[in-house]
Each structure stands twice: as C-alpha cells, then as structure tokens.
1. State whether the residues of the stretch 69-88 include one that is under 30 Å from residue 179 (Cβ atoms), in contact (Cβ under 8 Å) with a residue 40 or more places away in the chain and among the small types (Gly, Ala, Ser).
2. In the set 350, 405, 416, 420, which member is at pLDDT 95 or above, over 25 Å from residue 295 (Cα atoms) and surrounded by 14 or more Cβ atoms within 10 Å (Cβ to Cβ)?
3. Have a look at 344, 352 and point out the one that is touching a Ser or Thr at 6+ places or on another chain (Cβ under 9 Å) and aliphatic (A, V, I, L, M).
4. Restricting the first residue to the stretch 197-212 and requiring it to be closer than 9 Å to residue 33 by Cβ, which pairs with a second residue that is of a type in the set (S, T, N, Q) meet a Cβ separation below 6 Å and a spacing of at least six or different chains?
5. Provide a single number: the residues in the stretch 187-225 that are among the polar types (S, T, N, Q), touching a helix residue (DSSP H, G or I) at 6+ places or on another chain (Cβ under 9 Å) and surrounded by fewer than 15 Cβ atoms within 10 Å (Cβ to Cβ).
6. Looking only at residues in the stretch 226-260 that are acidic (Asp, Glu) and at pLDDT 95 or above, which one is surrounded by the fewest Cβ atoms within 10 Å (Cβ to Cβ)?
7. Kindly establish whether residue 118 is under 21 Å from residue 48 (Cβ atoms), among the aliphatic types (A, V, I, L, M) and at pLDDT 95 or above.
8. Being in contact with a strand residue (DSSP E or B) (Cβ under 9 Å, 6 or more places away or on another chain) and either outside the structural domain of residue 292 (by TED's automatic domain parsing) or part of a helix (DSSP H, G or I) (or both) is the filter here; which residues of the stretch 242-260 pass it?
Amino acid sequence: MRPPQLLLINPWITDVAAYDLWAWPLGLLYWAARLRHVGYGVHLLDCTDRAHPALGKDTVPSRHYHTGKYHTEILEQQPHPVKHARRFLKRYGLPASAFQTELETFEQKNGAPPDAILVSSRMTYWYSGVCEAIDLCKKQWPQVPVALGGIYATLCHNHARAHSGADVVLQGAARESLPAWLTAVISNAPEVPVSSPDEPPFWPAVDLCHAHGALPLLTSTGCPFQCSYCASHLVSGEYNRRSPETVYAEFIQRQSTYQTTDFVFYDDALLVDSEHFLEPFLDRVIEANLPVRFHTPNGMHYSLITEPLAQKMKRAGFTTLRLSLETLDANQLQTWQRAGETCLFHRAMESLRAAGFTRKQLGIYIMAGIPGQTVDAVQMAIDEVHVAGGQPFLNEYSPIPGTLEWQRALALSGYEIEEEPLWQNNSLYYTREEVFPLSVFEELKQRAHTIPLALSCK
C-alpha cells in the first residue's frame, strides 16, 4: 500500500524588509524527520530557500557566511499600516508563479495529490504569506486537508482561525495534536510516537534543503526564563536540553556529509548551565580542530558569559556573536527583575574582548520603543555598548501577543494592534504616533552606527 504523502510548506516572508540571516524552517524540518521515520512520504516546499532550483535566473548569490538577500516581489495590495509607514509590502522568496508550478507538478512527480498539507508560520505579521500559500493549495486541491502551526498560529490563534483558510490551526509545539489530527484525516495514518531529538532519525531533515554551506544546530528547546517581552515559553513549551554528546554527533554528521563550514545555533537559551552542556560540546570541537565557524544570531544572555567560556568560544570558531542587552536603564531592569545586571554586561564584554573577539564580531541588541521607555535610556545603552567594545544593533520594539509587555502595548496603542497583526511588525509599529517620533529613531540608528572617533581604533 502506498504510504500517505505529506506536503510540508514554509510560506513566504511578507514584510517591508527582510534579509536571510541563516533562516531555516527548523520546526518543519524536525517534523519532516519524525514523520518520515514512521512511514510518511514527506515533501518540502520552502518558499524562503534561496537555493531552490525553481528560482532559476532569479537566484540571488550568497554573501558572507552563506547569508544573503531574497528574491522579492511587491504585493499588489498594500494594507493601511504599510501605507502609513510609506513602505511597500513585499513577498520574499520564490516567485508566486514558481510556487504555483511546484503545486501543479506535484502529482506528476508523486503520482497523486498529497494526503494532507502541513503549513508552518513564523512572525505574526507575515500572515499574508501564510494565507496566500494556503489559498493556492486549496485552489489546487480543494479536498486535501490543511493544518497550520507555528508562531502566528499560536500567538494569533483566533486571527489565524478566521483568516488563514486552514482546516485546523494548531498551537504550541503540537507534539500530540498534530499526530492526532493526521490520524483523524488520513485513513492509513502511521502512529507517531513521542520522540527525542537526541535520536539520530529525528534530527532535522536538512537533506530536504538545497544548500548546506550553513546549517542550524539546536542544543535545547524552549527557555527557562520568561522575559516580559518574549513568547518563547508559549511557542516552544517547556525547556529541555539535549546531551552535548548527541549535539556533537549531529554536528560531525552534518560536517562530514555536506562539508558544512558554518553552523548556526538556534537556541533561545544557549548558555544556560554551559559548564554541563555547551562547554563539553566546545571541548570536543576544539579537539577535532575542524575548519568551521559558529554563529549566534539569537541574542545570548550576557550574564552567563564567563572568561573561560569566552576563551572556549573563540578557540572553537565562534565568529558572529549577538548579545541581548535590550537596556541598561535601572528602572526598566528593575521592572524586568534584572536589577544589577549592568556590571555583568561589562564583565561579559571584557571577557569576550580579552578572548580576541573584535568589535565587528560582537553585535549587541538594544530595544527601542518599549512602552514607557525614554530616548535618553536608549542613547545611554548605545553609548555604553560603544565604550564596551561592541557594535550596537537597534531593535525597534515589536509588541508580541501573550507577553506581559503586550498588555502594556495594548493599553498604549489600543486593540488595533491585535486586530491587525501587521502593527506587530517592528518596522511598522514604531511609526505610530504613540511611540518615538520617526526623526528620533533615525537619530538613534545613526548614533548606533557611528563609532565615536576616540574608540574607532579599539
């Protein structure tokens, strides 16, 4: 009997700006491995795969460390929040025509339509790409059931149920709800037992991707912290660690199979209990002496960086580091129950600079536009980062549903930002009149990008 066939779709990014800083549909790749192992046929259509053959002449060459720009198309419909910001909403990834062709040729390649379609979602404000992908699937195969999961499906659940067009909208990690749904809609659905990412068959199915120069690594899921501006605990569930031995085995398998040169940590809390998890992994990497680089685009907790850890990170090949500073304002830190952390930031920076990391390698995230924040607080953080030897990266505040800060944002901006998820876009929310004036944001960005002359040689 023919095994059930599943089409897994990672939709386009629909935004006013986007750059591929090592983005993979990692959750979807984990599900692909898990479902394939129990007997499903899995087929991936990743609209943001910059190496997808369907791009043809529209392929955009990669830049540093396998990052790069996406192929883009301006959308015909430009919603109010985008017009308000005087920007253009674009589709980043495969041309819409190429996506349609992939659907039309699916049956030729596989002999029949898929038995079910699984669609992932990322940022809440990218929902229009999700809706478009599902709409095209429904037009191609009206009878094929579609499930939607991921961040948008979880944080904007009611909006997704009302607007996505999916037959079911799953929340959170969906470890039990997705297998149950597949059993309900597919007559010969294989059983999907609870699995561990420590077992090789359940490592992400990166073989379904078209480029392997850079690949993701995940040493943990979830986050033990519950910061008031973050929704990791809602999306990923409880915090779990993988053994350093298994992470190293996955790393070696990827490096030897694909000659991968760049590995990107996707953890939300990479440095937690590092002496028992990350550092044993780094010890093995250092001993192997392989020509690889490591990158951490997700901001790391600076309070957990010690001098020995910084030395090991440097020796192992860490190249791109991002730290989540967010603010140095004493009142804000007190509100976030992080009082007294300023000295820990300086300790971390001293350790990293002593280990040999350069200013260019040390990107420090600073949040701007938090409800109640002052311009002076942002300026102070920018200046402190420059003095400490890092490069400030200004992050416009993005109101995230389900977080404590979300309630403050609702009180400030009203329910419009809930009814229209585009207002949750950091590139659009900061243009609202209740946030800093646009001219102030531009001045702050310029301040962040300009290294004081006295520090330029350090």
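1. no
2. That would be 420, the only listed residue that is at pLDDT 95 or above, over 25 Å from residue 295 (Cα atoms) and surrounded by 14 or more Cβ atoms within 10 Å (Cβ to Cβ).
3. 344
4. Every condition considered, the pairs that remain are 202/195.
5. Result for the stretch 187-225: 1.
6. 245
7. Answer is yes for this residue.
8. Once the filter is applied, which keeps residues that are in contact with a strand residue (DSSP E or B) (Cβ under 9 Å, 6 or more places away or on another chain) and either outside the structural domain of residue 292 (by TED's automatic domain parsing) or part of a helix (DSSP H, G or I) (or both), the stretch 242-260 yields 247, 250, 251, 254, 255, 258.
The values are calculated or read from the model by the stated rules, or taken from the named source; none is laboratory data. In this text the structure is predicted, and so the values were computed from the model without any measurement. Because the Cβ atoms are built from the backbone with ideal geometry, glycine has one as well, and the counts that use them run over all protein chains shown.
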